[in-house]
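Presented below is the structure to which this report refers.
The values are calculated or read from the model by the stated rules, or taken from the named source; none is laboratory data. Predicted, not measured: the structure shown is a model, and the values here were computed from it. Cβ sites come from the backbone with ideal geometry, for glycine too, and all protein chains shown count toward neighbours. Please note that ligands, DNA and RNA were not included when accessible areas were found on the heavy atoms of the full protein model with its side chains. Shrake-Rupley method; radii C 1.70, N 1.55, O 1.52, S 1.80 Å.
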Amino acid sequence: MDNVQHHECLLQQAIAVFEADENISMSEAAKMFNLPRSTVAHRYAGRVTRGTSHASQQLLSQAEENVVENHAIQMAQWGFPLKISMLRDLAYGIQKHRVYGALHDAVSQIPQPQYPGKRWHLRFLERHSNLKALYSRTLDQARAFTNNPKLIEEFFALYQSVVKEYNIQPWNTYNMDEKGVQLGVAASARVIVPARCKSQFANQDGNCENVTILECICADGTVLPPFLIFKGKHHQYGWHNNDTTPSNWFFGISPKGWSDEELGFEWLRQLFSPSTTVSNPNEYRLLLLDGHSSHISPQFIYHAIDHKIVVLCLPPHSTHWLQPLDVGIFSPLQHYYGQLVDDSGRMGLGAINKSKFVALYQTARDKTFTPELIGSAFSATGYIPFDPSRVLNKLPVSEHSEITDSTLTIQVQRPSTPDSLPAIQNHLSEILQDPSLQDITTPTKNRILQLVRSAENAFAQQALQLEINSKLRAAAAMSTKHKKDGSKRVLSVARVLTAKEAQILKAKRDLDEEKKIAAAEKRKAAAEKKKATLASASNTSGVVKKRQPPKKRSPLISVMPGPSSE
């Protein structure tokens with residue numbers, strides 16, 4: 001609660017004490033709460049605060065500004081703080097989507113939205129002391145804080161507060177990260193060589209083409225299907241020759257085999273959201289991930305907010321301490337895959353192409369992603385069970401303070417006014433049943449004001465949601481469109497395919513090929529039959545008639561009649 005809200009709360013308490021006890025004077029009530037008597041008297045007489053009196057001159061109402069404030073705090077908690085320009089865009093968008101309900105029916109003309117000025121955010125921050133503006137540190141500057149215990153402590157405090165705030169259960173706690181794999185690079189291994197050898201080189205395929213894999217694990221020991229990103233412009237027919245690939249695997253393409261904003265969003269929309277759907281619509285899901293650019297696109301964040309997915313960004317350069325996939329999964333996964341590549345080379349199975357890679361990776365993945373290993377990864381990083389000392393004790397600096405429930409860097413203030421339709425109806429019912437309706441007293445005024453604030457709060461929430469949805473639609477409309485190049489080996493021009501979709505396209509392609517081959521064979525058989533018939537007819541007659549060349553036509557000559565001999 002900021003200073004303005006605290007001061008207003010004291011004023012209301014002083015007025016309530018004055019009205020409740022006739023033996024207490026206004027001076028005594030003001031003194032009990034350390035307030036000037038004149039301030040209490042003016043408020044009791046109906047004078048409003050300075051901020052309320054100038055509210056009509058502001059771009060946003062008080063309720064709308066409170067919604068923006070809570071949204072800004074939430075985004076900062078998740079690791080995606082709003083920029084000044086984004087704050088202005090939100091304020092402008094709320095004006096555009098402002099909804100007027102029954103309380104605003106008297107408004108004859110809705111004012112046109114105005115884009116906030118360059119200094120609007122300064123006045124906004126003055127009115128909301130829970131917020132402040134500062135420069136975010138770049139990654140290079142943050143590198144010095146990698147092993148800072150204070151930074152790790154603050155993150156664990158934030159994690160604990162988010163879990164309590166949204167009642168996150170272990171089965172709704174996920175960690176996503178991406179892993180780069182080179183197709184033909186084998187793992188190092190201890191080998192037997194002659195005693196006089198000081199070193200030994202092993203032959204390997206040497207295909208260094210990169211494949212990026214998005215993996216996601218859950219604290220309950222389960223794993224989501226992978227999202228493989230190949231290097232290329234189109235999905236090729238030969239990439240999907242492995243019939244044992246699970247149908248729920250996803251395949252994407254990019255020019256260099258790396259992840260980008262569009263593929264990150266498609267992973268969230270097509271894979272994570274449907275695969276982690278909760279039975280209770282009021283439950284939240286927690287997604288732990290690093291600050292890679294493909295994870296912080298606007299469409300990614302807004303989709304997460306819209307589907308009750310709390311995205312918690314890990315501190316920069318701390319994933320080797322705080323990322324379960326990095327700590328307990330990716331190292332054995334790389335080891336098993338490297339062994340399979342080495343064994344493949346020793347058996348002379350040829351180069352590792354994308355189709356073989358899928359088969360080898362599936363085998364290595366089955367060995368790695370076990371419930372026991374996934375559980376130990378979340379335990380080693382201190383998340384479940386919650387034990388920050390599992391990480392703090394490994395840091396080079398051993399001095400750190402214990403984290404308690406009260407060690408929270410940011411606290412989101414929940415509005416005290418009702419923000420649901422049933423609460424508004426209850427207040428309205430109280431007003432209608434109040435016997436002092438004809439002679440309105442201060443408590444009734446307060447209830448009316450709370451009702452108005454509650455309605456405005458609901459309208460502001462709706463306006464904010466409309467603005468977020470419009471940004472999401474705009475970002476989706478800007479997705480890259482790929483044109484078909486006509487190559488015979490192209491299977492699909494889509495950026496993302498599931499294994500099931502790829503098999504369906506392959507079956508359709510094979511059927512078309514079979515139809516073309518059958519039609520060609522039919523034409524060939526008909527031609528051979530015709531040739532054989534002609535040959536049989538010529539043998540029967542004994543004479544082969546030669547085709548006569550066409551007669552040449554004489555040129556058309558116009559003959560003029562000569563003079564008569566007569």
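Can you tell me which residue in segment 98-120 is farthest from the chain's Cα centre (by Cα), limited to those that are open to solvent by less than 50 Å² (accessible area, probe 1.4 Å) and at pLDDT below 85? Result: 104. Summed over segment 491-536, residues that are open to solvent by less than 90 Å² (accessible area, probe 1.4 Å) and basic (Lys, Arg) total 3. Checking the condition open to solvent by less than 90 Å² (accessible area, probe 1.4 Å), among the small types (Gly, Ala, Ser) and at pLDDT below 75, which residue from 142, 30, 63 passes? From the options 142, 30, 63, the qualifying one is 142.
Candidates are the residues of segment 251-269 that are open to solvent by 50 Å² or more (accessible area, probe 1.4 Å) and assigned to a helix (DSSP H, G or I); the one that is modelled with the highest pLDDT is 269. Determine whether residue 319 is under 17 Å from residue 227 (Cβ atoms) and either open to solvent by 30 Å² or more (accessible area, probe 1.4 Å) or modelled with pLDDT of 85 or more (or both). In short, no. Only a single criterion out of (1) of a type outside the set (Gly, Ala, Ser); (2) within 22 Å of residue 181 (Cβ to Cβ); (3) open to solvent by less than 10 Å² (accessible area, probe 1.4 Å); (4) assigned to a helix (DSSP H, G or I) is not satisfied by residue 300, namely (2). When you scan segment 151-174, do you find a residue that is closer than 30 Å to residue 284 by Cα, at pLDDT below 90 and exposed (fewer than 14 other Cβ atoms within 10 Å of the Cβ), even just one? No, every residue in segment 151-174 fails to be closer than 30 Å to residue 284 by Cα, at pLDDT below 90 and exposed (fewer than 14 other Cβ atoms within 10 Å of the Cβ).
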